[in-house]
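Structure first, then comments.
The values are calculated or read from the model by the stated rules, or taken from the named source; none is laboratory data. What you see is a predicted model, and the numbers here were worked out from it, not measured in a lab. Here the Cβ positions follow ideal geometry from the backbone for every residue, glycine too, while neighbour counts run over all protein chains shown.
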Amino acid sequence: MSPINTSARILIVDDTPENLAVLGDVLQPDYTVQATTSGERALIIAATQPAPDLILLDIMMPGMDGYAVLGRLRQNPATREIPVVFLTALTDTQDEEHGLALGAVDYIAKPIRPALVLARVRTQLEAKRARDVLRDHNTFLESEITRRMADNEHIQAVSIRALAHLAEIRDTDTGNHLLRTQAYVHRLATCLSTHPRFTATLTPQYIDLLARSAPLHDIGKVGIPDHILLKPGKLDGAEWEVMKTHSALGAAAIEQAEQDVREALPFLSLAKEIARSHHEHWDGSGYPDGLTGEAIPVSARLMALADVFDALVHARSYKPAMPTDGARDIILAGRGSHFDPAVVDAFEANYTTFVDIAERYNDAQ
């Protein structure tokens, strides 16, 4: 038999003082006992710390009866888990069934028998102790899972950024391009999340993955020769054709990573979409696949606008920075040809936010 838990607190609720005295004499040698003759007062005591570990509750009481007290205990999150044993002189099994249905854990019939009371109390306290241990263990496991998931997400984010910087390091003109395009895409996705055409896709989870994946959009530039990638002037026709291959190169590299891990990772799937298709045009004139309209992945449509706006408003070795108003006009002119009309509308509605992002992560930082 398990040792008696002398630290356990038991609340006795009975409108008859004699019953309180008898039960107190039975329980006090082994437990800390509180007592009250009022259901209303019992609710106050139960919600006060330290809370009782067990409540012995009379059913037949004036004012608020035991059933009503139990109902109120179960409604309050602070008292919901305290086990309740009914004390009753009722012998009808329907009364017992009603009490158990309300959430009582046991019944003790009056007049009480001390040995039976002690046995029932010990059983319920041991059950509660086991539930508490299990709850604490589950709470620890949940916190550990949360911590490890946070660690994994952090490692994932760092890994993505490190991979993206492989391309950025070679292309010294891009500066904070990764941070800016990531922020632009997140803003567009959040704005469009309530749009009828996008609401099914742009869930909070998708937007989070999208923002994480966005920095990999130009990872394929790692495969472009230096004499083309770093050329200070405008590319000629042949060089431009080579530069355009960075989209397919990036998608292929990410697909190889997917095959290596042998597991479908949503952020890699999105990263592959963005890398391959962010230079597609709404009217089909883009590359590498000449996709049109809705055939272009949503992720790539958002990145297409973000990438163009950022390229326009920041200086490159082959061009000066354009004023943001001029870049806005070019974006608006591309509505329905270069860009998805709804994405352009979201950009126009959030134009000042785009300007703020461009200034916050400017290349001088």
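Which members of region 103-117 meet the condition of being in a loop (DSSP other than H, G, I, E, B), buried (at least 16 other Cβ atoms within 10 Å of the Cβ) and not hydrophobic (A, V, I, L, M, F, W, C)? Outline the logic, then answer.
So the first thing to find is which residues in region 103-117 are in a loop (DSSP other than H, G, I, E, B), and the list is 103-105, 110-113.
Then keep just the ones that are buried (at least 16 other Cβ atoms within 10 Å of the Cβ); that gives 104-105, 110, 112.
Of everything in region 103-117, just one residue is in a loop (DSSP other than H, G, I, E, B), buried (at least 16 other Cβ atoms within 10 Å of the Cβ) and not hydrophobic (A, V, I, L, M, F, W, C), namely Lys110.
Restricting region 27-46 to residues that are under 43 Å from the mean Cα position of the chain (by Cα) and part of a strand (DSSP E or B), the residue that is surrounded by the most Cβ atoms within 10 Å (Cβ to Cβ) is Gln34. Return yes or no: is Ala257 among the aliphatic types (A, V, I, L, M), modelled with pLDDT under 90, under 28 Å from the mean Cα position of the chain (by Cα) and assigned to a helix (DSSP H, G or I)? Taking the combined requirement at face value, the residue satisfies it. Filtering region 329-350 to residues that are in contact (Cβ under 8 Å) with a residue 24 or more places away in the chain and part of a helix (DSSP H, G or I) leaves Ile331, Pro341, Ala342, Val343, Val344, Ala346, Phe347, Ala349. Put simply, of Ala349, Ala306 the only residue that is within 26 Å of Lys234 (Cβ to Cβ) and in the same structural domain as His195 (by TED's automatic domain parsing) is Ala306. Among the residues of region 292-327, the one identified as in contact with a Lys or Arg (Cβ under 6 Å, 6 or more places away or on another chain) and in a helix (DSSP H, G or I) is Asp310. Comparison of Gly286, Gly250, Gly233, Gly223 shows that the only residue that is of a type in the set (Gly, Ala, Ser) and loosely packed, with under 15 Cβ neighbours inside 10 Å is Gly233. Looking only at residues of region 3-27 that are within 14 Å of Leu54 (Cβ to Cβ) and among the hydroxyl-bearing types (Ser, Thr, Tyr), we find that the one that is modelled with the lowest pLDDT is Thr6. None of Ala275, Ala271, Ala300, Ala306 is buried (at least 23 other Cβ atoms within 10 Å of the Cβ), under 20 Å from Asp329 (Cβ atoms) and in contact (Cβ under 8 Å) with a residue 12 or more places away in the chain except Ala306.
Checking each residue of region 344-353 against the condition of being of a type in the set (Val, Ile, Thr) and surrounded by fewer than 14 Cβ atoms within 10 Å (Cβ to Cβ) gives at least one match.
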